[in-house]
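The values are calculated or read from the model by the stated rules, or taken from the named source; none is laboratory data. The structure presented is a predicted model; accordingly, all values stated were derived computationally and were not measured. Here the Cβ is made from the backbone with ideal geometry for all residues, glycine too, and neighbour counts use every protein chain on show. Just so you know, the surface numbers come from the protein's heavy atoms only, side chains and all, with ligands and any DNA or RNA stripped out. Shrake-Rupley method; radii C 1.70, N 1.55, O 1.52, S 1.80 Å.
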Amino acid sequence: MKIKIARYMGKEVTQKEDIEYEVSLSDATLLEVLNEIKTKQDATLSYSSGCRSSICGSCSMRVNGREVLACAYKVKDGDFVEPMKNSPLIRDLVVDMDRAYEFNAKAKAWQSSIKKGVRLSQENQMLNELQSDCILCGSCYSVCPVYAVNDEFLGPFALTRVWKYISDKRESEPQSKIDAIQTNGVWDCTLCNECTLVCPQGISSKTDIEKLRIRSVASGYSDPSFATSFGSFGGASFDGSPSF
Amino acid sequence: MRSDVLIIGAGGAGLVAAINAHESGAKVRVITKEYPTRSQTCMAQGGINAALGNASDDSVEAHVQNTLKSAHGIANEDAVRHLCESAPDAVEWLDSIGVCFSRTKDAKIAQRTLGGASAPRACYAKDYTGLKILHTLYDRCNALGIEMLSERYLLNLVTHKPTSSDAYIGGATFLNIRSGEVESYEAAAVIVATGGYSRIYDKHSTNSTSSTGDGQAACLRAGARLSDMEFVQFHPTALKGSSILISESARGAGGYLLNSKGERFTNELAPRDEVARAINEEIQKGEGVFLDIRHLGEEFIDRELPQERKLAKLYENIDPVYEIIPIKSVAHYTMGGIEVDKNSQTNIEGLFAVGECANHRVHGANRLGGNSLLELVVFGKQAGVNAAKYAKIFDKTIETKEQVKRDEEFLKRVKEFSNEIGFYEKREFIGDVFYNNVGISRDAKGLKEALDAVYKIQKEMPMMGPKDRSKIYNTNLVEFLEFVNMIELCESVLVCAIERKESRGAHYRSDMLEQNDEKYKAHTIAYEENGTLFTDFAE
């Protein structure tokens, strides 16, 4: 079986190169194939991995243009493996996720205050059980088209995390969370649903963002693009001058 | 770059310590070789023990007694009492910061039974307990603005030893994996929270490939002591082909263990050492061993054990709803680790350790499922608070430049190693040797053979080394350094296992079946002096 891997040896060497490898494994995960290449053929191949069981989020990458976890994807002959998008490439299949991770803090994705003794029913718990399955692999972040036009977008996983806390009965100040996601947040999403399609945990950030929009509207916020396109709802008028 | 408290490792233990040190007023910095949510903690599935009595009657005393029984005489009762008494508060705290525990019909935290427990005591979140705890801790650290630095690999701890007093810590050095540069971080107090060393068993382990014992090896080099290193827990049920964990909760919920004839052969809910041995004996007899959860039904499996179903399908092409799952027992948790006192401090002033890398003497010879997540919350808090306290009154000078220079020279030398022997092959080889000779059943001859193999590798080390000599994100180099650490720990595991001429918990000697309390109801201690390893027994 042959697979092709997009190689890039880091800043010291500028050119990128697609290299083909042949391995004799069958019915193997991509991570098993990468390990085989690294330990037996080419020790310079770089990628991240950890748990092998789709829970640590380390081995996210793209195969044939689609985000996958290498440990959960069964390799097929002719597959083309590339690093994730929207994050600076460090080397080979490794990207720098620091900036992506920082959006969790920018979106204030945490419970505002510590609250003891709140009784959650099974229904309460089910409200955000799925969202708290997130493994921060960054697949949704890589596939998101918004970063092509706005690199300050809080992004799918951070907004899902915000929904996780806002929907939680233990959160005592949901309003402050809603306030924090108005700029570069819920309204910048195009609702293209790509994030949903690549999530290995079956989470739909798009749906979570829609729910956050409804909560935002209920709190008196409105879609700023809607406001601008119709001129005078308290935003800027057509010529850009402030309107009152 | 100086902080009051430097925490190495961003798993559950490290992050709990960070939160508590921060809340005690310290300037905290966390450094990890991965990212803060990618540690071994996320793989914990079963739950976290606390005698809440939400599912049926339970008591702190029963939790204490179950833990002590499983520890086979070498747990510290005071430490165990502290662990179990603090458990309800620990779970309440996790609940208060937003962990999504599963709930009962009457809106309490749901609990289930794990092996060796007299009551359903493990609070859980589906089979994602560790994941949800770890991510909530990470969110909490963000809320507090705690600095977390990723992809920096621990090289060495920096200690100072003025002639007139004991050694004290001053920081640590790291390889910045991205830049390839050696960096130093000075701190008054350092907390090592780097996880266990189960990967010495290589592919015969449920663990993340990151569980390579970096912290223990660095502590050993710095003059701290390790204890009970021979006690390694084998998890009864891992997938046969891939060593992927199938949670104990599958048996807690009523799963059976079957041999090839379809017969049950053991009490599925005995402590892990007993179940693992029973499975091993069947396999020795030539039987295949299987986990059967078909009778639990699809709805239950999807609700309570969704990961198990997914992983069995992926790795074994088996759907546990309809088929029995082929399993074996593999290395899962290392009870031994960095020796600490009742304040979580090592014998080096200002150097603390917590989590799987440390030995708080609560697990003894065999850990109970559900006690390790608990341990990292209870002792993470203790380590964080005490490190902050120590840092506040710290008034000594720190200097890390010398160590940086030594590490740079070391890395340069390593990159010049001759590469006649491939270390990946040796890593796999020693993993096989450990699984066969230092695994569920051991004897003097096998241990001696393994030690010879380790010595041989130590000698051959300069003939290995990384093939990749580049600077940027050199994982080949990092994996070689991990291998060096693991080989260092392999020696201490073996020397301790050879010295302990008895069977106790996870340390089962087929040539010495009796537990000998008169001679060995004690802790094995390993330490290094001038590069030579010594062992001893201590109370």
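Within the stretch B:388-410, being among the charged types (D, E, K, R) and assigned to a loop (DSSP other than H, G, I, E, B) holds for B:D395, B:K396, B:E399.
Any residue in the stretch B:325-340 that is in a loop (DSSP other than H, G, I, E, B), surrounded by fewer than 24 Cβ atoms within 10 Å (Cβ to Cβ) and either assigned by TED's automatic domain parsing to the domain that holds B:R251 or not small (G, A, S) (or both)? Full working, then the answer.
Our first condition is that a residue be in a loop (DSSP other than H, G, I, E, B); within the stretch B:325-340, this holds for B:335-336, B:340.
With surrounded by fewer than 24 Cβ atoms within 10 Å (Cβ to Cβ) added as a condition, the list becomes none.
Within the stretch B:325-340, none of the residues are in a loop (DSSP other than H, G, I, E, B), surrounded by fewer than 24 Cβ atoms within 10 Å (Cβ to Cβ) and either assigned by TED's automatic domain parsing to the domain that holds B:R251 or not small (G, A, S) (or both).
Before we move on, is B:D273 in contact (Cβ under 8 Å) with a residue 60 or more places away in the chain and open to solvent by less than 30 Å² (accessible area, probe 1.4 Å)? Taking the combined requirement at face value, the residue satisfies it. A:Y101 is checked against (1) open to solvent by 40 Å² or more (accessible area, probe 1.4 Å); (2) at pLDDT 95 or above; (3) facing chain B (nearest Cβ under 8 Å) and fails just one. What number does that condition carry? The number of the failed condition is (1).
Could you say whether any residue in the stretch B:35-54 is farther than 23 Å from B:Y124 by Cα, within 13 Å of chain A (Cβ to nearest Cβ) and under 20 Å from the mean Cα position of the chain (by Cα)?
Yes, that holds for at least one residue.
All of A:A43, A:A109 fail the test of being closer than 24 Å to B:L94 by Cα and at pLDDT 95 or above, apart from A:A109.
Just to be sure before I move on: is B:A55 open to solvent by 50 Å² or more (accessible area, probe 1.4 Å) and either assigned to a strand (DSSP E or B) or in contact with a strand residue (DSSP E or B) (Cβ under 9 Å, 6 or more places away or on another chain) (or both) in the structure I sent? The answer is yes for B:A55.
From the list B:E147, B:E186, B:E151, the lone residue that is touching a residue at least 40 places away in the same chain (Cβ under 8 Å), within 14 Å of chain A (Cβ to nearest Cβ), more than 21 Å from A:C56 (Cβ to Cβ) and acidic (D, E) is B:E147.
Entry remark, the stretch B:79-100: residues being touching a Lys or Arg at 6+ places or on another chain (Cβ under 7 Å) and either more than 14 Å from every other protein chain (Cβ to nearest Cβ) or surrounded by fewer than 19 Cβ atoms within 10 Å (Cβ to Cβ) (or both) number 3 in total.
Please determine whether any residue of the stretch A:14-32 is among the polar types (S, T, N, Q), surrounded by 22 or more Cβ atoms within 10 Å (Cβ to Cβ) and within 14 Å of another protein chain (Cβ to nearest Cβ). Yes, the stretch A:14-32 has at least one match.
Number of residues in the stretch B:470-527 that are open to solvent by 10 Å² or more (accessible area, probe 1.4 Å), part of a helix (DSSP H, G or I), farther than 21 Å from B:L155 by Cβ and in contact with a helix residue (DSSP H, G or I) (Cβ under 8 Å, 6 or more places away or on another chain): the value is 2.
Checking each residue in the stretch A:104-115 for being within 7 Å of another protein chain (Cβ to nearest Cβ), open to solvent by 30 Å² or more (accessible area, probe 1.4 Å) and part of a loop (DSSP other than H, G, I, E, B) picks out A:W110, A:I114, A:K115. Listed by first and then second residue, the pairs with beta-carbon distance under 6 Å, at least 6 apart or on different chains, first residue in the stretch B:444-473 and under 23 Å from A:I37 (Cα atoms) and more than 14 Å from every other protein chain (Cβ to nearest Cβ), second surrounded by fewer than 14 Cβ atoms within 10 Å (Cβ to Cβ) and of a type in the set (G, A, S), are B:M463/B:S418.
Condition check: in a loop (DSSP other than H, G, I, E, B) and buried (at least 22 other Cβ atoms within 10 Å of the Cβ). Does B:D127 satisfy that? Full working, then the answer.
Details: in a loop (DSSP other than H, G, I, E, B): yes; buried (at least 22 other Cβ atoms within 10 Å of the Cβ): yes.
So B:D127 passes the test.
Exactly one residue out of B:K342, B:K328, B:K310 is free of Cβ contacts under 8 Å to residues at least 24 places away in the same chain and out of contact with any Gly (no Cβ under 6 Å at 6 or more places or on another chain), and it is B:K310.
Scan the stretch A:126-136 and tell me whether some residue there is farther than 21 Å from B:S102 by Cβ, more than 11 Å from chain B (Cβ to nearest Cβ), at pLDDT 95 or above and surrounded by 22 or more Cβ atoms within 10 Å (Cβ to Cβ). So far as the stretch A:126-136 goes, no, none of its residues is farther than 21 Å from B:S102 by Cβ, more than 11 Å from chain B (Cβ to nearest Cβ), at pLDDT 95 or above and surrounded by 22 or more Cβ atoms within 10 Å (Cβ to Cβ).
Restricting the search to helices (runs of 4 or more DSSP H) fully inside the stretch A:116-170 and requiring at least 3 residues that are of a type in the set (A, V, I, L, M, F, W, C) gives A:156-166.
I need a count of the residues in the stretch B:289-324 that are in contact with a Ser or Thr (Cβ under 6 Å, 6 or more places away or on another chain) and either at pLDDT 95 or above or open to solvent by 70 Å² or more (accessible area, probe 1.4 Å) (or both).
1
In the stretch A:33-48, how many are surrounded by fewer than 21 Cβ atoms within 10 Å (Cβ to Cβ) and either assigned to a loop (DSSP other than H, G, I, E, B) or in contact with a Ser or Thr (Cβ under 7 Å, 6 or more places away or on another chain) (or both)? The total comes to 2.
Limited to the stretch B:178-201, what total is found for residues that are buried (at least 24 other Cβ atoms within 10 Å of the Cβ), touching an Asp or Glu at 6+ places or on another chain (Cβ under 7 Å) and not hydroxyl-bearing (S, T, Y)? Here the count works out to 5.
If you scan the stretch B:97-151, which residues turn out to be under 30 Å from B:R178 (Cβ atoms) and of a type in the set (S, T, N, Q)? Of everything in the stretch B:97-151, those that are under 30 Å from B:R178 (Cβ atoms) and of a type in the set (S, T, N, Q) turn out to be B:T136, B:N142, B:S150.
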